[in-house]
Amino acid sequence: MLRLPPFQYVRPGTLHEAVGILASEGGKAVLMAGGTDLLPRMKHRVAALEVVVAIRALRELRGIWGDPRQGLVIGAASTLAEVCSHPAIRQGYEVLSLAAAQVATPQIRNMGTIGGNLCLDTRCSYYDMPYTWRKAMGFCLKKNGDTCLVAPGSTRCWAVSSSDLAPVLMALDGRVRLVGPRGERVVPVEELYRDDGIRYLNKEPAEILTEVLLPPLDGWKAAYWKVRRRGSFDFPVLSLAVAVRQDEGGHIADARLILGAVRSSPLRVREAEEALRGEKLEPGIMEVVCELASRAARPVENTDFTVLWRKRMVKVFLRRALGTFA
Amino acid sequence: MKEFTWISKPYPRVDAEAKVTGRVRYADDLVLPGMLFCKLLRSHLPHARIRRIDTTRARSLPGVLAVLTGKDLPAHKFGILPTSQDQEALCVEKVRYVGDPVAAVAAIDEWTAEQAVRLIEVEYDPLPSYMTIEDALFKEGEPIHAQGNVHKEVSLEFGDVATGFEEADYIREDIFLYHGSAHLPLEEHAAVASYEPGDLLTVWSSTQVPHYLHRTLSKVLDLPMSRIRVIATPVGGGFGGKSDIFNHEIVVAALAMITGRPVKCTLTREEVFYTLRRHPTLMWVRTGVREDGTITAMHFRAILEGGAYGSYGVATTYYVGALQPITYKIPNYRFEGMRVFTNAPPGGPKRGHGTPQPRFALECHLDKIAEDLGMDPVELRRRNLVAPHTKTVNWLRITSCGLAECLKKVVEASRFHEKHRRLPRGRGVGLAVSGYLSGAGLPIYWNDLPHSQVHLQVDRSGSVTLSCGAIDIGQGSNSVLVYTVCEILGVSPEDVRLIVADTAITPIDLGSYSSRVTFMAGNAALQAAQRMRDLIAAAVAEKLGVPAESLIFQGRQVKVGGGEDRALSWREACEVAEARYGLLSATGTYTPPRLAGPYKGSGVGPSPAYSYSACVAEVQVDEETGVVSVEKIWIAHDIGRALNPLLVLGQVEGSVYMGLGEALMEDLSVRQGVIRVPSMLEYKSPTVKEMPEVEAFLIETVDPEGPFGAKECGQGPLLPVPPAIANAIYDAVRVRIDEVPITPEKVLKALERRRKGEEGRFGPGGFPAIRFKEPIRVAPPSPSSAGRVEPRP
Amino acid sequence: MPRLVRLHVNGQVHEVFTPPHRTLLELLREDLGLTGTKHGCELGECGACTVLVDGRPILACLALAVEVEGAEILTVEGLGRPGNLHPLQEAFMEVGALQCGYCTPGFLLSAKALLDQNPAPSRQEIHEALSGNLCRCTGYLRIVQAVERAAVKAR
Ligand SMILES: Cc1cc2nc3c(=O)[nH]c(=O)nc-3n(C[C@H](O)[C@H](O)[C@H](O)COP(=O)(O)OP(=O)(O)OC[C@H]3O[C@@H](n4cnc5c(N)ncnc54)[C@H](O)[C@@H]3O)c2cc1C
Ligand code: SF4
Ligand code: FES
Ligand code: FES
């Protein structure tokens, strides 16, 4: 049986206390919410940490409030199952509930949290493997090694942003509240991420994501498409979140288009959004948009399926996603 | 026909209650006082010479009780087949694949053992590695084994193929590739060993082959078999993946002997991937047919990528060629097969052992021939089906054969003819048939001994102790044994105490592989029960003054038949018999008839009876993505007799499931010498959401050789599934995918080629230019002997 | 540092000294001897270790024992006993929903959580609820049938 390495476990009583522990322990401590991402990595010996700071039970991180007219606040420690089933989300922000329902498995959705999902480590088929396997294959930049096995010679890591919820929350113009030793800030979800497989979050290690904030729906409609091998368990090898606001005549007033799992951060394709503005969803413009998105997506060979296929699927699924609004 | 009480009825499996309450003890569930945990250090290089192993640092880690290397063990190699004794429990000179074990640690807990393993220093001299069939055949350098990289070559010709092709009106050639796949049993392999005073070694293991493990332990540890006891624990899924001898089983035994404490080793999921896999197989087939579709000749070539060790590979190589003639009359048949060594985990038997690969090739190939001839694929097959009670060109004796009925059933149920070539684009149906063994006719080590034995003991309390060396791996052998005995003795399962797979107390059965257990252990149980019944009947008859033949054993009673209503309760009858004869004991054995043909290599393929299946798949293909979804499977299986329909249907459905996985997604590929995705997340096996509706039909042909007429069902129904799906894909979008798994990428590629006006196909481009050795030429059985069925010995 | 945890398992309270890096899976199997909970990967990838925590299915291999302190834990041993089986256990036996039985405890608990919440699930809802459990033997069809049958029985 795979075993966890020994660590110290602390369960702070307040958010403040949690931030304090993270700040004082420096790089030795790590946050754990549901643990469904962290513990497998510890068993693979890619995450080696001395102190685990458990935050799932923190009161400040729990609860879901609001409605589509005022906007929504989702505590970071809400489980994915809670996100799926919460009435306000199911009715108003259905796309978020549907996306959450496609994460992993029912059991994992009962454990994993929305905060953990947003802070999910980037993934790579050379990295999410046991120590012994990585030793045989050769260690890589992201852990224990000094070269990237997907793109040898590269000085950066191309591990893939695999969160199902990040693209959706971006499409819904979500923001997150971060609380750290130097106070708190609210940033758009997009700004949480960097296109770097190792330092994939724009946040300090001691900052805790406490809430996800969604603005009122205000006429936006959104869709999420996830591409993967099986109907369960699997991470996306490509995902598409699209939101549009259409006027009475079906013209697109505004659009947001995000691709997931094509690089180390979710990819917002602004050129495509721009191209959609003022247009009706007709085959011609859809082709243009698909072309733009497809050109922007440059996945590398480090997930299930071949890169070529994943890249080709951008157009196919974007056409289908846009089709839902036509 | 007599009404059965226990046979042919859908009773729950006898171990069902223990399983649904979590009370069955699998190997990893065992805990013994003072037990240590073992971890293996495995090679991280695919091919290298071991220069030096330094265990000093590992030994000095607190909590470590022993560190073992190959040099600490007697210098005996082992291997499941007598001809392939090429493995060491821990490698001494060389490592041959990533995952090959070189050292082992016993420590107070698993974490400590893992730390100690990391402290073992090994210096290697890397050698050039051979990762593909081409590497193995053509790359220069030190071969993997001294004999060279060609492990086995087979070349056989039955009849006269050249003349057969001359007689043909149409000849077609195709090349196919079947990628490797994993067994992926849900239970990770585990073994526990304990060494007790008086030189008694006990090993519990999740093994399909306790008897072979017993023999091997005796050989490699230099201990007489009488000092070793192997207990196979209930197996949490095997599919062939637990049918070999594994390093950890020997290592825990050695460590228990050294430390004097019990030792357990449970493989991690990653390690399970390093045990065995289905052979990746490249195949070329050429068939000649007459205008009316009758086959005149077939030439089949195959190269098996064998991995680093022999395992069952010699047998696998023969199997790739052996069973084509059991479904179709092939008057002239040539088979050339070769297994090569590569630096990858060994290829071994997996559900269908060496036959799903050629079956995929053959059934797709015939579908193409039918298309070329403008013939209905059902009709083409029908024209060529073997007849019951005949012999094939390669001397295999067919007894019962319900293939024609199976074919009819699925064609009708699926409304194949209304759909084939008629469904809207993107949707299609495909057909395939197959046959499989009900147990290998020959044991894997040469002997004339029984293949299965059962012992029954009955005492005055009326309890029946049934012991047999067979192990239940989920297929339901325990239930077959118990229900068979209940049927004959007229008792209930509560009266039977079952003891299985314990070499100290159960009579030998060769193991749970090649679909042999129901057939062979079932026959042995039947014989033992009949003998026990005769014994008790004689005593009761004497006591009651009636003829023994008039007694009926039923409902826990021994009744006087013929209208009389006199009866003894079962317990009374047992008392009478014990008083008369003393301890009541009976044995049953099963030895298959001698069936091998008159040629070298004829030992692989014969079976006392063959099961048959036919399958229709209906699929939907998304032409934009290449994604194939299987909408429904119809499958008919000639089971001989369904001893328990619940168990049989479960086996059929499970086979369909595994065939589906292999057809569409399971791919155990190796990248740079390392298994690409040794994880349950990334090695894709279908979930409940991928499983299509399955309509299964059981065809009962009541085989003369099988227990109550039964034949196998655990492996055969897998075989037609991948080709039926491939053929359905062709029907849906007119592209041929001659390679499994059939991934979306391959489908798209083939569609793209078709759009460009090229051949709409994805598959291997060529077959290596190798000259196989001159074939052994074998005359087919004479027509007069072809219909004869020899009596049981 | 080991600490004392109080666990409510199958209606009984257990106090165990355990280091915090011990998973619920290890604790159930190795400290409490409840080996009915199985494991096939220890990474969240197979569902064999499914148990219920406060009625919800979770993976024991990814839960720290210290994190489920105070919660009501149900394992297969607490589902039903011979002579007093849960309708799901009976249905699994009757329709032949198990072969090697290794995945069975996990499936039973996923199914129990479903039926407790939704006594009359559709086939699609059953598929969804069982989609986090792998079985390599049965092809799932009989498992789904068993859940349907148990649902009818319980009504
Ligand atoms: C088999 C399997 C399949 C999976 N499939 C999917 C999938 O399809 N899609 C998908 O998106 N995910 C998938 N996951 C990943 C994971 O389960 C989910 O993303 C889950 O939501 C993670 O949440 P958690 O609370 O368990 O994270 P944790 O493991 O607790 O944390 C994940 C990371 O985020 C950090 N973190 C957690 N909470 C916070 C916070 N509030 N503030 C700052 N940092 C924080 C942690 O330090 C850690 O580095 C899968 C996991 C497994 C094991
Ligand atoms: S992208 Fe390169 S560096 Fe990053 S995890 Fe994969 S192999 Fe390692
Ligand atoms: S053991 Fe596989 S999911 Fe927990
Ligand atoms: S019954 Fe064997 S894995 Fe499900």
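Name the single residue, out of those in region B:483-534 being touching a Pro at 6+ places or on another chain (Cβ under 6 Å) and of a type in the set (Gly, Ala, Ser), that is nearest to B:VAL209 (Cα to Cα). Once the filter is applied, the top-ranked residue is B:ALA501.
Taking region A:148-202 as the range and being touching a Gly at 6+ places or on another chain (Cβ under 7 Å) and β-branched (Val, Ile, Thr) as the test, only A:VAL189 passes. Based on what the data block shows, is B:LEU186 of a type outside the set (S, T, N, Q), crowded, with 24+ Cβ neighbours inside 10 Å and in contact (Cβ under 8 Å) with a residue 12 or more places away in the chain? In short, yes. Taken together, A:ALA321, A:ALA241 contain a single residue that is touching a residue at least 60 places away in the same chain (Cβ under 8 Å), closer than 29 Å to B:LYS689 by Cα and buried (at least 24 other Cβ atoms within 10 Å of the Cβ), which is A:ALA241. Can we say B:SER655 is among the hydroxyl-bearing types (Ser, Thr, Tyr) and either in a loop (DSSP other than H, G, I, E, B) or free of Cβ contacts under 8 Å to residues at least 24 places away in the same chain (or both)? The answer is no for B:SER655.
I'd like the full set of residues that are within 17 Å of B:ARG427 (Cβ to Cβ) and in contact (Cβ under 8 Å) with a residue 24 or more places away in the chain, limited to region B:603-628. Scanning region B:603-628 gives B:VAL616, B:ALA617, B:GLU618, B:VAL619, B:GLN620, B:VAL621, B:ASP622, B:GLU623, B:THR625, B:GLY626, B:VAL627, B:VAL628. Can you tell me which residues in region A:139-150 are free of Cβ contacts under 8 Å to residues at least 40 places away in the same chain and within 9 Å of ligand 2 (Cβ to nearest atom)? Once the filter is applied, which keeps residues that are free of Cβ contacts under 8 Å to residues at least 40 places away in the same chain and within 9 Å of ligand 2 (Cβ to nearest atom), region A:139-150 yields A:PHE139, A:CYS140, A:GLY145, A:THR147, A:CYS148, A:LEU149. Being open to solvent by 20 Å² or more (accessible area, probe 1.4 Å), among the acidic types (Asp, Glu) and more than 16 Å from ligand 2 (Cβ to nearest atom) is a description that applies to B:ASP199. Whenever a residue of region B:12-31 is surrounded by fewer than 21 Cβ atoms within 10 Å (Cβ to Cβ), its partners that are modelled with pLDDT under 95 and part of a loop (DSSP other than H, G, I, E, B), lying with C-beta atoms within less than 7 angstrom and at least six residues away or across chains, give the pairs B:GLU17/C:PRO82.
Here the condition is being farther than 18 Å from B:ALA769 by Cα and open to solvent by less than 60 Å² (accessible area, probe 1.4 Å); of B:LEU156, B:LEU177, it holds for B:LEU156 alone.
Residues in region B:453-481 that are in a loop (DSSP other than H, G, I, E, B) and not acidic (Asp, Glu): B:ARG460, B:SER461, B:GLY462, B:SER463, B:GLY469, B:ALA470, B:ILE471, B:ILE473, B:GLY474, B:GLN475, B:GLY476. Candidates are the residues of region A:203-237 that are without any contact (Cβ under 8 Å) to a residue 60 or more places away in the chain and either closer than 23 Å to B:VAL688 by Cβ or touching a helix residue (DSSP H, G or I) at 6+ places or on another chain (Cβ under 6 Å) (or both); the one that is nearest to ligand 3 (Cβ to nearest atom) is A:ARG230.
Does A:LEU257 meet the test of being open to solvent by less than 10 Å² (accessible area, probe 1.4 Å), within 14 Å of chain B (Cβ to nearest Cβ) and away from ligand 4 (no atom under 16 Å from the Cβ)?
So A:LEU257 does not fit the description; no.
Considering region C:45-62, the residues that are out of contact with any Ser or Thr (no Cβ under 6 Å at 6 or more places or on another chain) and among the small types (Gly, Ala, Ser) include one that is most open to solvent (accessible area, probe 1.4 Å), namely C:GLY55.
Considering B:ALA696, B:ALA724, the condition of being more than 10 Å from every other protein chain (Cβ to nearest Cβ) and modelled with pLDDT of 95 or more is satisfied by B:ALA724 alone.
Yes/no per residue for (1) more than 16 Å from ligand 1 (Cβ to nearest atom); (2) more than 17 Å from B:HIS179 (Cβ to Cβ); (3) open to solvent by 10 Å² or more (accessible area, probe 1.4 Å):
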{"position": "B:MET658", "(1), (2), (3)": "yes, no, no"}
{"position": "B:VAL670", "(1), (2), (3)": "yes, no, yes"}
{"position": "B:GLU695", "(1), (2), (3)": "yes, yes, yes"}
{"position": "B:PHE708", "(1), (2), (3)": "yes, yes, yes"}
{"position": "B:LYS711", "(1), (2), (3)": "yes, yes, no"}
{"position": "B:PRO720", "(1), (2), (3)": "yes, yes, no"}
{"position": "B:ILE725", "(1), (2), (3)": "yes, no, no"}
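Quick test for you: out of A:LEU2, A:LEU39, pick the one residue that is part of a loop (DSSP other than H, G, I, E, B), within 8 Å of chain C (Cβ to nearest Cβ) and closer than 25 Å to C:ALA60 by Cα. The unique qualifying residue is A:LEU2.
Residue by residue, here is whether (1) away from ligand 4 (no atom under 16 Å from the Cβ); (2) touching a helix residue (DSSP H, G or I) at 6+ places or on another chain (Cβ under 7 Å); (3) within 14 Å of another protein chain (Cβ to nearest Cβ) holds:
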{"position": "B:PHE165", "(1), (2), (3)": "yes, no, no"}
{"position": "B:ILE171", "(1), (2), (3)": "yes, yes, no"}
{"position": "B:TYR178", "(1), (2), (3)": "yes, yes, no"}
{"position": "B:HIS183", "(1), (2), (3)": "no, no, yes"}
{"position": "B:GLU187", "(1), (2), (3)": "no, no, yes"}
{"position": "B:GLU196", "(1), (2), (3)": "yes, no, no"}
{"position": "B:LEU200", "(1), (2), (3)": "yes, yes, no"}
{"position": "B:TRP204", "(1), (2), (3)": "yes, yes, yes"}
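Would you check if A:ARG277 is under 16 Å from the mean Cα position of the chain (by Cα) and open to solvent by 20 Å² or more (accessible area, probe 1.4 Å)?
In short, no.
Of the residues making up region C:2-40, those that are out of contact with any Pro (no Cβ under 7 Å at 6 or more places or on another chain), facing another protein chain (nearest Cβ under 7 Å) and over 21 Å from C:ASP54 (Cβ atoms) are C:THR35, C:HIS39, C:GLY40.
Here A:ASP195 clears all of (1) more than 14 Å from chain B (Cβ to nearest Cβ); (2) within 13 Å of ligand 1 (Cβ to nearest atom); (3) in a loop (DSSP other than H, G, I, E, B) except the condition numbered (2). The set of residues in region C:55-112 being more than 10 Å from chain B (Cβ to nearest Cβ), away from ligand 3 (no atom under 14 Å from the Cβ), among the aliphatic types (A, V, I, L, M) and not in a helix (DSSP H, G or I) consists of C:ALA71, C:ILE73, C:LEU74.
Among the numbered conditions (1) in a loop (DSSP other than H, G, I, E, B); (2) surrounded by fewer than 24 Cβ atoms within 10 Å (Cβ to Cβ), the only one that B:MET680 does not meet is (2). Residues that are among the polar types (S, T, N, Q) and in the same structural domain as B:ASP199 (by TED's automatic domain parsing) number at least 1 in the following strands (runs of 3 or more DSSP E) confined to region B:214-332: B:263-266.
Report whether or not B:LEU660 is more than 30 Å from B:THR5 (Cβ to Cβ) and within 11 Å of chain C (Cβ to nearest Cβ).
For B:LEU660, the condition - more than 30 Å from B:THR5 (Cβ to Cβ) and within 11 Å of chain C (Cβ to nearest Cβ) - is met.
Residues that are within 14 Å of chain B (Cβ to nearest Cβ) and crowded, with 23+ Cβ neighbours inside 10 Å number at least 2 in the following helices (runs of 4 or more DSSP H) confined to region A:110-184: A:131-137.
The values are calculated or read from the model by the stated rules, or taken from the named source; none is laboratory data. Values in this document were obtained by computation on a predicted structure and should not be read as measured data. Positions of Cβ are backbone-derived with ideal geometry, glycine not excepted, and every protein chain shown enters the neighbour counts. Note: areas computed on protein heavy atoms with side chains; ligands, DNA, RNA excluded. Shrake-Rupley method; radii C 1.70, N 1.55, O 1.52, S 1.80 Å.
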